[in-house]
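Heads up, the thing below is written out as C-alpha cells.
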Amino acid sequence: MSTNKRPEGSVTQGSAAHHAANTAAKQNQARPTFLTIDQLHVQLPTGSERSYAVDDVSYSLAPQEILCLVGESGSGKSLTARAIMGLLPEPYVHYEKGKIVFQGEDLTKVTPERMRQVRGGEISMIFQEPMTALNPVMRIGDQIDEVIRFHEKQSRRERRARALNLLDDVHLPDPPRIMSAYPHELSGGQRQRAMIAMALALEPKVLIADEPTTALDVTTQAQILRLIKELQASHDTGVLFITHDFGVVADIADRVAVMQHGKIVEIGTVDKVLNAPEHPYTQALTNAVPSLIPRAVKAVNEKPILQVNELVKTYRSGNRWFGLGKTPKQVHACDHVNVSLNEGETLGIVGESGSGKSTLARCIVRLHSSDSGEIRYRGTDLCTLDRAGMRPYRSKIQMVFQDPYASLNPRATVGRIITEGPIILGETRTAAESRAREMLELVGLDSRAYERYPHEFSGGQRQRIGLARALALKPEILVADEPVSALDVSIQAQVLDLLADIRERLRLSMVFITHDLRVAAQVCDRIAVMRLGKVVEQGPTAQLFEQANHPYTQELLDAVPGREWSRMRSQSQ
C-alpha cells in the first residue's frame, strides 16, 4: 500500500485512487482494523466498457465503524462486496490482483474450505433484495437454523432458542410465528429484518449491507438503519454499508468512500464528504439529492379535470373452495377515498407500502375495477363505463409504472412498444412511427433506440421509454407510480427534471405516487397522504411540510433519511 504523505483533503480527479490508498494506510496506522482492502482489481470480460469493475481500490474498516460506500449503479460498489465474500461471478468477472486482508489473513489466497468458514461465520452480508436471497420453499426458522448448523455444533433445541432470540433482537413481532413463516408471507421490511437476523446469527466481525433499504418505505428504512447501528454497537461489528442515498449516509456513516467507474475518487469523514466535497463527481451526487424545502408554488387552473369521490376497493383472500381452511381476509386498499386533480397540477399521493397508493392509481386508469364510488374525468364517471365505453378515454389517462423492465415487453423492440397503443386506437402506422420517434427525442433518447430491445438499456433509459410510450397517446393526465424509487440520485434528478419539462411543454396534469417526501417536495403542488386505504390528510405541499396535522404525516416527515443534513444544506444554498 502506498505511504506517500500527501496532505489530507488534497484530492484531485487524477490522484483520487492514490489519495484513497494513502488515507487507508494512515487509518491502519492510527487504529486496529478488521478488514483492509489494498489495491484491489476485479477484471471484467473482454469487450466490456472498461477493463476493471473494481480498479485499484483501497480502504479499511475498523471495529464499531460504519463505512459507507457510495456511487451510482455500475460504479463497482456491489462487486467490491462480492469480492470480499468470495462471491464473484467467475470466470467472467474475477479477482486479478490486490489484497483483501481480514484480521491478518489475505482472503484472496485462502482455500475454498476456509472461505466457507469465513463467509457467514466471520463476515456476513445483507443483500439488496431479500426475496431473491431467501429460499422461497424454506421457512425462516429453518434458514436461520441452517446457518448455525453449518458453522457450530449445537442441539436443535439450542439452535431454535438462538434463532428466536435473533428474531427478537431485530424487533420482529411474534418470533415463533415468523419462525414458521415462508418469505412470501412477510412484508418487505420483515424479510429484510429476517435477513439481518441470519447475517448476525454467528456474531460476525464484519457486516456488509448492500443497499438494504433502497426499496423500503421511509419509516421502515429508518427502523432498519437504527437497528443496524444498534446491533453494530452491541456486537463490536464493523459495517460496510453500500448505498446511493446520501440521506442514509448522513444518518448512519462514520466515514464515506465515493466510487465512480470502479475507482474510489474521494474518501473521508462523513462531515467532510457531505458538507465539503472536493471531487466534482461527489459534488454532482450531493447536488442531485432532492431538497426537503418545497418548490415555489406555481399558479394552476383550479378547474378539476379529475375527481375521485368515495372510492372503495377491497381485496379478499381465502374462501371455502380454495382457502384450505384459512379464515377469509379483507384488505380495504381504498376506503372511501376523496381526491381531486386540477388542470396543469401535480397531485402527490404519499404513504407507505400497503397504504393503497398503487391501487388508487390503477383504479384511476381502470386497470382495476372499483367496488363503489366515482372517478369523474371532465364530468364523466369512468366507473360506469364498460370495456367498449372506456375505449375513447384510454388515451386520455396514461400510466408510467414503477418497474419499467417488468412493464415493457422484452420480446418487442422499443419502436413496436411505443407504436402499439396508437395503432390499436386507430392511428395509421406511419403516423404512429413518426410520433414514436418524436417522443423518443422528447425524452432524451436518440433515433437508434427505436430498433433496440428493453434489455439493452439502463434503468433510467427504460423509464424514459415507459414515459415515451405513455406520451405517444397524447394523454391529458399522466399517472406516475413510483417512477424514480429504484434509480440512482443523479438519474432520479434527470427523470424528475424531464417530467417537469414535459409537463410544462405538453400542459399535462399529473398524479404522482411516491413514498419519498423529498421527491414529493420538488414535484407536487398538492399532497394527499394515505394510510391503510384512507386519505388522512391533504393540502398544498408547503403547508403540509410546515404544519402537518396528522400524526402519521408527522411520522413520515420525521423518518426522511438525512432530514437535518438536507435542511441545513438547502438553507445554505
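The order of the peptides 352-365, 168-181, 396-409 by mean Cβ neighbours within 10 Å, most packed first, is 352-365, 396-409, 168-181. Listed peptides 155-161, 226-232, 216-222 appear in the order 216-222, 226-232, 155-161 once ranked by packing, highest mean of other Cβ atoms within 10 Å at the front.
Take the Cα of GLU49, step 7 Å toward its Cβ, do the same at ARG416, and the gap between the two points is 2.7 nm. For LYS205, which lysines qualify as cross-link partners when the Cα separation must be under 16 Å and same-chain residues fewer than eight apart are set aside? Filter leaves LYS229.
The lysines whose alpha-carbon is closer than 21 Å to the alpha-carbon of LYS303, local same-chain residues fewer than 8 away aside, are LYS396, LYS474. Are any of the pairs LYS77/LYS97; LYS77/LYS298; LYS272/LYS298; LYS97/LYS153 more than 29 Å apart by Cα-Cα distance, and if so, which? LYS77/LYS298; LYS272/LYS298; LYS97/LYS153, as the Cα separations exceed 29 Å there.
For the chain, the 222 nm mean residue ellipticity estimated from helices alone, with every DSSP H stretch of n ≥ 4 adding -39500 (n - 2.57) and the total spread over all residues, rounds to -11500 deg cm²/dmol.
A cut-off under 12 angstrom between Cβ atoms defines the neighbours of HIS171, and their net charge, with Lys, Arg +1 and Asp, Glu -1, is -2. Across the options VAL206, MET125, PRO176, the greatest Cα extent toward the positive end of the charge dipole of the chain (unit charges at beta carbon of Lys, Arg, Asp, Glu) belongs to PRO176. Given +1 at the Cβ of Lys and Arg, -1 at the Cβ of Asp and Glu and no other charges, the dipole of segment 309-466 around its Cα centre is 580 debye to the nearest 20. Candidates LEU164, GLN192, ASN309 compared by Cα position along the dipole of the chain: farthest toward the positive end lies ASN309, with charges placed on Cβ. May I ask for the distance between the Cα centers of segment 373-443 and segment 128-142, given as a whole number of Å? So the two Cα centres are separated by 37 Å. Restricting the calculation to Cα atoms, segment 34-175 shows an Rg/Rh of 1.01 when the hydrodynamic-style radius is the Kirkwood one. Of all lysines in the structure, the ones whose alpha carbon falls short of 16 Å from that of LYS357, not counting any fewer than 8 places away in one chain, are LYS313, LYS534. In the chain, Cα pairs under 8 Å separated by at least six residues give a relative contact order of 15 percent. For segment 426-573, what class follows from the C-alpha gyration tensor (a ≥ b ≥ c being the square roots of its eigenvalues): rounded when a/c is under 1.5, otherwise prolate if a/b is larger than b/c, else oblate? The shape class here is prolate.
Using the Cβ of GLN330 as centre and a radius below 12 Å, the other residues enclosed give a net charge of +1, where K and R count +1 and D and E count -1. Taking a ≥ b ≥ c as the square roots of the eigenvalues of the Cα gyration tensor of segment 304-572, is the shape rounded (a/c under 1.5), prolate (a/b larger than b/c) or oblate? Note, shape of segment 304-572 comes out oblate. Counted by Cβ distance under 13 Å from ILE228, the other residues give a net charge of -4, where Lys and Arg count +1 and Asp and Glu count -1. Rounded, prolate or oblate: which fits the chain, taking a ≥ b ≥ c as square roots of the Cα gyration tensor eigenvalues, rounded meaning a/c under 1.5, else prolate when a/b beats b/c? It is prolate, given that a/c is not under 1.5 and a/b is the larger ratio.
Laboratory data are not the source of any read-out in this text; all were calculated from the coordinates shown. In this text the structure is predicted, and so the values were computed from the model without any measurement. Please note: Cβ atoms are built from the backbone with ideal geometry, for glycine as well, and neighbour counts cover all protein chains shown.
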